There are 2 protein chains.
Amino acid sequence: MHKKLFIPGPVEVRPDVLEKMAKPMIGHRSKEASELQRRISDNLRKVFFTESEILLSTTSGSGLMEGAIRSCTAKRAAVFSVGAFGKRWYEMAIFNNVAADIFEVEMGKAVTPEMVDKELSTGKYDLVAVTHNETSTGVMNPIKEIGEVVKKYPEVVFIVDTVSSAAGTKIEVDNIGIDVCITSSQKALGLPPGLAVCTFSNKAKERAEKVPNRGFYLDLLSLYKYIQKKDYQYPSTPSIPHMYALDYQLNYILNEEGLENRFNRHLEMAKVVREWAKKYFELFPDENYLSNTLTTVKNSRGIDVSALNKELGKRGFQISNGYGSLKDKTFRIAHMADCKIEDINELLSNINDILGLE
Amino acid sequence: MHKKLFIPGPVEVRPDVLEKMAKPMIGHRSKEASELQRRISDNLRKVFFTESEILLSTTSGSGLMEGAIRSCTAKRAAVFSVGAFGKRWYEMAIFNNVAADIFEVEMGKAVTPEMVDKELSTGKYDLVAVTHNETSTGVMNPIKEIGEVVKKYPEVVFIVDTVSSAAGTKIEVDNIGIDVCITSSQKALGLPPGLAVCTFSNKAKERAEKVPNRGFYLDLLSLYKYIQKKDYQYPSTPSIPHMYALDYQLNYILNEEGLENRFNRHLEMAKVVREWAKKYFELFPDENYLSNTLTTVKNSRGIDVSALNKELGKRGFQISNGYGSLKDKTFRIAHMADCKIEDINELLSNINDILGLE
C-alpha cells in the first residue's frame, strides 16, 4: 500500500505532476530544450520575486548549496547554523578548503540579526550563509531582518538555503537582498527529488569571477555562462523529466492555485498542526520562529515514535522521526507542497486514534 | 510531433520504462529505499562484470567523472584524450586544483597502450583517466589493452568514462582492472537523463582515504561510506523516479533481453550504419577503433547537415550534428539503448530518400 508522505521531503506528488515525468525525451541541445528552460526560469523568477538569473542543477539541494558557498567565497564565509542543515553549509566549505567559521545557536532557537551584525562588523567575512527553514528543528529564521543587517555590508554575498520553504512561504529575494536563494524539487514545489534551482544575482556572479577554484559540475558561474552562451541550456545533460514536471507545476502554482493562495494554504495547515501539537504535546522550536512548512513536535508524552509510524503506515500515512540527536525526543509533520487541510486533519485524527488521544 | 532520437543521448526511452518515472514517491530513508538501491547495485554489478561496490549519483555522468578524478588523485593524473570528453576530464582536474597532464591524439584516432606505458613509466602519475567511447568522434578506445599496461603499475588507479558505451557493449570491469567505471542513465542503459552510476574498487576507496580535499556532493568516498553506514542509502535525497526506472530496466536487460543479446544487437546495428556510411559517405574514425554505440560519419558529400536534420524532424527522426570543431564536417548517428535494427533501417532509408541517394 502506498503511504501518503507527511515527511519533509520527498513530499506527496500529485498524479498529474507525476505523469509529466513520463513524457518522451527531447534532445538537450534542441530549441525545445531552450524554450523549456527559459519558461521555467521566467516562472521561477515570479516564485522568488526576483529579477536575478535562475540556475538549474541536476542534483539535490546540497549540490547547489556546495556550489554557492564554494563559488562565492573569496575571503571567508560566516555560516549561521540552527541545526543539521546549517552544519552542512559549514562542512561543504571546509571540505572544499573554503575558509569559514560557524556560529551556532541552541537547537530550536533562531539566528538573530544582532548575531549576524556582530560577526560581520569584524570585517573578516565576504559571505553569509543561512538556512531559512531548518528541516531538523522546524525553525524558520528571520531572513528579512537578517537581510537588513547584511545590506549594511556591501562586500558581503548573502546565500540562503530555502530548500524546505520556497514555494510554500513568501520569500522576496530582491527585497531581502538575497544573492543566491536555493531550493530543490522535492519540498514545497511538490515534485519528485532530483532537481535543484537557485537565483543568482549580479553580485554573486561578479564574486564568482574572482574565485579561482570553483570546480566543474557545481560551479554556479559555469551554469550562468552556459545560459548566456547557449540560450538557456545546461552544460551537461539535465534531468529532462524533472524539467517537464517543474514547467507544468509552475504553471499550476502561478496560474491555477495562485502564489498568495499557496502561501496562505501552507500557513493554515501549519496553524492546524501547531494547535494540535500544543493541545497534546509541546512545540519544539521557539514559538516566535515557527516554520510554515513543517512542525517539529516535542515528544513530551514519551511516545514510541517508530511504533506510531509503523501503525500509521498500516493506515497509509508516514510522518518523520526527529532528526539526528533529536530522534525520539521530537517527531516531525510536514505540511508542504500540494497537501490540503483535509489531508492534515485526516492524518491528525489517525494519530489521535492510534495514541488514544481525544 | 515526437522525434525518435538517434542522438548520442538522451536516447529514445521505451514507454514502459517512462511509465516507471511516474510512480508515487517513497521516503529516501525507508527500508524500501534501501532495498531499491541494493537491488540496483546487485544488478549493475552484473552489467559491469564486477564485485566492486556500485555508487549512484543524482547528476549527469560529468558529476561522477569530476568526483572520480578529484577523489582518487593523490599525486598527479594522466588524462588520455581522444576528443571533447577526454578534454573534459582534464578540465575537471584543473578546475579542482588536481595536478594533471593531458595526452591527446588527433581527432578520430585512439589511445594506444604504448602511449600509456610510456607516460606511466616516468613514475609521475598515480591515476589514469581514459574515455572508453568518445561521443564526439565515435572512437572506442582499446581499454582492455590499456588495462593490461596499467596493471604493471600497482600504484595507479584506473578510471574510465564509459558513459556512452556501458550496457551497449561488454566491459569486464574486474578483468580489465578498472577501479572506477562511470556511466549515466541516458545512453545505452536506455533511461531519461538525470542519474549517473559507477563502480568503486577497494583500491579506489583506499586512495580516496588519502586525498584530503574531496568536496561534499561529488565525493565518491562519502557515497561509499553512506552505503555501508545506512544500508544502501544516499547521503542527500536522490532522484527516486530514476531509481524506479533503472531498477525496472535492469531487470529487462538481464532477464528479458539478456546481456549478451543486448551487446550483439548493438554490434549488429553498428554494422548496418557503418556499411551505409561507407557506401554513401566515409567513416570518420580509424576503422580499427569503431564505436559499437554510435557512428561518426565524415561529411564527404558536403551535405547541409542542419537541413537534413530539419527534414528528418518533419518525418519524426533526429540525428546529431558533428561535435564542436567537427560540426558540419561530420554527423553522428547513435544506435544505442533499446533501438532496433528496423528503427535504424527506417532512419537510413529516410536519409537516403531526403538526400536522393540509392
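Of all residues in segment A:105-118, those satisfying the criterion of being surrounded by 16 or more Cβ atoms within 10 Å (Cβ to Cβ) and part of a helix (DSSP H, G or I) are A:Pro113, A:Met115, A:Val116. Any residue in segment B:55-78 that is part of a helix (DSSP H, G or I), surrounded by fewer than 20 Cβ atoms within 10 Å (Cβ to Cβ) and either of a type outside the set (Asp, Glu) or not assigned by TED's automatic domain parsing to the domain that holds B:Ile227 (or both)? No, that holds for no residue.
Considering B:Phe216, B:Phe263, which residue is in the same structural domain as B:Ser41 (by TED's automatic domain parsing) and aromatic (Phe, Trp, Tyr)? Talk me through it step by step, then tell me what you get.
Numbers: B:Phe263 fails: in the same structural domain as B:Ser41 (by TED's automatic domain parsing).
Testing whether each residue is in the same structural domain as B:Ser41 (by TED's automatic domain parsing) and aromatic (Phe, Trp, Tyr) leaves just B:Phe216.
Pairs linking a residue in segment A:6-24 that is in a helix (DSSP H, G or I) to a residue that is of a type in the set (S, T, N, Q), with Cβ atoms under 6 Å and 6 or more positions apart or on different chains, are A:Val17/A:Gln249. Taken over segment A:320-343, the residue count meeting the criterion of being surrounded by fewer than 22 Cβ atoms within 10 Å (Cβ to Cβ) and of a type in the set (A, V, I, L, M) is 1. On inspection, B:Tyr244 fails the criterion of being in contact (Cβ under 8 Å) with a residue 60 or more places away in the chain, in contact with a helix residue (DSSP H, G or I) (Cβ under 6 Å, 6 or more places away or on another chain) and under 20 Å from B:Cys339 (Cβ atoms).
Quick check on segment A:119-154: of everything there that is surrounded by fewer than 22 Cβ atoms within 10 Å (Cβ to Cβ) and in contact (Cβ under 8 Å) with a residue 40 or more places away in the chain, which residue is farthest from A:Ala77 (Cα to Cα)? Looking at the filtered set, the residue picked out is A:Pro142. Within segment B:211-244, which residues are assigned to a helix (DSSP H, G or I) and more than 9 Å from chain A (Cβ to nearest Cβ)? B:Leu220, B:Leu221, B:Leu223, B:Tyr224, B:Lys225, B:Tyr226, B:Ile227, B:Gln228, B:Lys229, B:Met243, B:Tyr244 - these are the residues of segment B:211-244 that are assigned to a helix (DSSP H, G or I) and more than 9 Å from chain A (Cβ to nearest Cβ).
In segment B:69-81, which residues are over 15 Å from the mean Cα position of the chain (by Cα) and more than 12 Å from chain A (Cβ to nearest Cβ)?
Of segment B:69-81, the ones over 15 Å from the mean Cα position of the chain (by Cα) are B:69-80.
Within segment B:69-81, B:Cys72, B:Thr73, B:Ala74, B:Lys75, B:Arg76, B:Ala77, B:Ala78, B:Val79, B:Phe80 meet the criteria.
With respect to the conditions (1) outside any helix (DSSP H, G or I); (2) in contact (Cβ under 8 Å) with a residue 60 or more places away in the chain, B:Trp89 falls short on a single one, namely (1).
Only one of (1) within 30 Å of A:Ile303 (Cβ to Cβ); (2) over 22 Å from the mean Cα position of the chain (by Cα) is not met by A:Gly215, so which one is it? Result: A:Gly215 passes all but (1).
Among B:Glu66, B:Glu32, which is the only one that is within 12 Å of chain A (Cβ to nearest Cβ) and in contact with a Phe, Trp or Tyr (Cβ under 7 Å, 6 or more places away or on another chain)? Residue meeting the stated conditions: B:Glu66.
Just to verify a result, which residue in segment B:13-29, among those that are more than 7 Å from every other protein chain (Cβ to nearest Cβ) and in contact with a strand residue (DSSP E or B) (Cβ under 9 Å, 6 or more places away or on another chain), is surrounded by the fewest Cβ atoms within 10 Å (Cβ to Cβ)? Working first, answer last.
To start, the set of residues in segment B:13-29 that are more than 7 Å from every other protein chain (Cβ to nearest Cβ) comprises B:14-17, B:20, B:23, B:26, B:29.
Adding the requirement that they be in contact with a strand residue (DSSP E or B) (Cβ under 9 Å, 6 or more places away or on another chain) leaves B:26, B:29.
On the way: B:Ile26: 20, B:Arg29: 15.
Selected residue: B:Arg29.
In segment B:193-208, how many residues are part of a loop (DSSP other than H, G, I, E, B), away from chain A (no Cβ under 14 Å) and surrounded by 24 or more Cβ atoms within 10 Å (Cβ to Cβ)?
Residues flagged as part of a loop (DSSP other than H, G, I, E, B), away from chain A (no Cβ under 14 Å) and surrounded by 24 or more Cβ atoms within 10 Å (Cβ to Cβ) within segment B:193-208 amount to 0.
If you scan segment B:168-177, which residues turn out to be in contact (Cβ under 8 Å) with a residue 40 or more places away in the chain, part of a loop (DSSP other than H, G, I, E, B) and not basic (Lys, Arg)? B:Gly168, B:Ile171, B:Glu172 - these are the residues of segment B:168-177 that are in contact (Cβ under 8 Å) with a residue 40 or more places away in the chain, part of a loop (DSSP other than H, G, I, E, B) and not basic (Lys, Arg). Filtered by the rule that a residue be in contact with an Asp or Glu (Cβ under 9 Å, 6 or more places away or on another chain) and without any contact (Cβ under 8 Å) to a residue 12 or more places away in the chain, segment A:189-224 gives a lone residue, A:Phe216.
Return yes or no: is A:Ala100 free of Cβ contacts under 8 Å to residues at least 60 places away in the same chain, within 14 Å of chain B (Cβ to nearest Cβ) and aliphatic (A, V, I, L, M)?
Working: free of Cβ contacts under 8 Å to residues at least 60 places away in the same chain: yes; within 14 Å of chain B (Cβ to nearest Cβ): yes; aliphatic (A, V, I, L, M): yes.
Judged against the criteria, A:Ala100 is a match.
Go through segment A:171-219 and count every residue that is out of contact with any strand residue (DSSP E or B) (no Cβ under 6 Å at 6 or more places or on another chain) and of a type in the set (Ser, Thr, Tyr). Residues that pass the stated criteria total 3.
When B:Glu311, B:Glu275 are screened for being touching a residue at least 40 places away in the same chain (Cβ under 8 Å), surrounded by fewer than 18 Cβ atoms within 10 Å (Cβ to Cβ), part of a helix (DSSP H, G or I) and not assigned by TED's automatic domain parsing to the domain that holds B:Leu55, only B:Glu311 passes. Annotation note: of A:Tyr90, A:Tyr125, the sole residue that is out of contact with any helix residue (DSSP H, G or I) (no Cβ under 8 Å at 6 or more places or on another chain) and either modelled with pLDDT under 95 or aromatic (Phe, Trp, Tyr) (or both) is A:Tyr90. Against the condition within 18 Å of the chain's Cα centre (by Cα) and in contact (Cβ under 8 Å) with a residue 40 or more places away in the chain, how does A:Leu254 come out, does it pass? No: the conditions fail for A:Leu254.
Is it the case that A:Val211 is surrounded by fewer than 19 Cβ atoms within 10 Å (Cβ to Cβ), modelled with pLDDT of 95 or more, β-branched (Val, Ile, Thr) and in the same structural domain as A:Met140 (by TED's automatic domain parsing)? It would help to see each step written out before you state the result.
On the way: surrounded by fewer than 19 Cβ atoms within 10 Å (Cβ to Cβ): yes; modelled with pLDDT of 95 or more: yes; β-branched (Val, Ile, Thr): yes; in the same structural domain as A:Met140 (by TED's automatic domain parsing): yes.
Yes.
Read through the list (1) surrounded by 23 or more Cβ atoms within 10 Å (Cβ to Cβ); (2) closer than 21 Å to A:Glu172 by Cα; (3) touching a helix residue (DSSP H, G or I) at 6+ places or on another chain (Cβ under 7 Å), then give the number of the only condition that A:Lys187 fails. Every listed condition holds for A:Lys187 apart from (3). Count of segment B:42-54 residues, restricted to those that are among the polar types (S, T, N, Q) and part of a loop (DSSP other than H, G, I, E, B), is 2. Inspect segment B:87-96 for any residue being touching an Asp or Glu at 6+ places or on another chain (Cβ under 6 Å), at the interface with another protein chain (Cβ under 9 Å from one of its Cβ atoms) and closer than 18 Å to B:Leu221 by Cα and give the result as yes or no. For segment B:87-96, residues touching an Asp or Glu at 6+ places or on another chain (Cβ under 6 Å), at the interface with another protein chain (Cβ under 9 Å from one of its Cβ atoms) and closer than 18 Å to B:Leu221 by Cα: present. Each residue in segment A:314-348 was checked for being among the aromatic types (Phe, Trp, Tyr) and part of a helix (DSSP H, G or I), and 0 pass. Note on segment A:278-308: residues that are without any contact (Cβ under 8 Å) to a residue 40 or more places away in the chain and in a helix (DSSP H, G or I) amount to 6.
The values are calculated or read from the model by the stated rules, or taken from the named source; none is laboratory data. Here the structure is a predicted model, which is why all the values come from computation and not from measurement. All Cβ positions, even for glycine, are placed from backbone atoms using ideal geometry, and neighbour counts span all protein chains on display.
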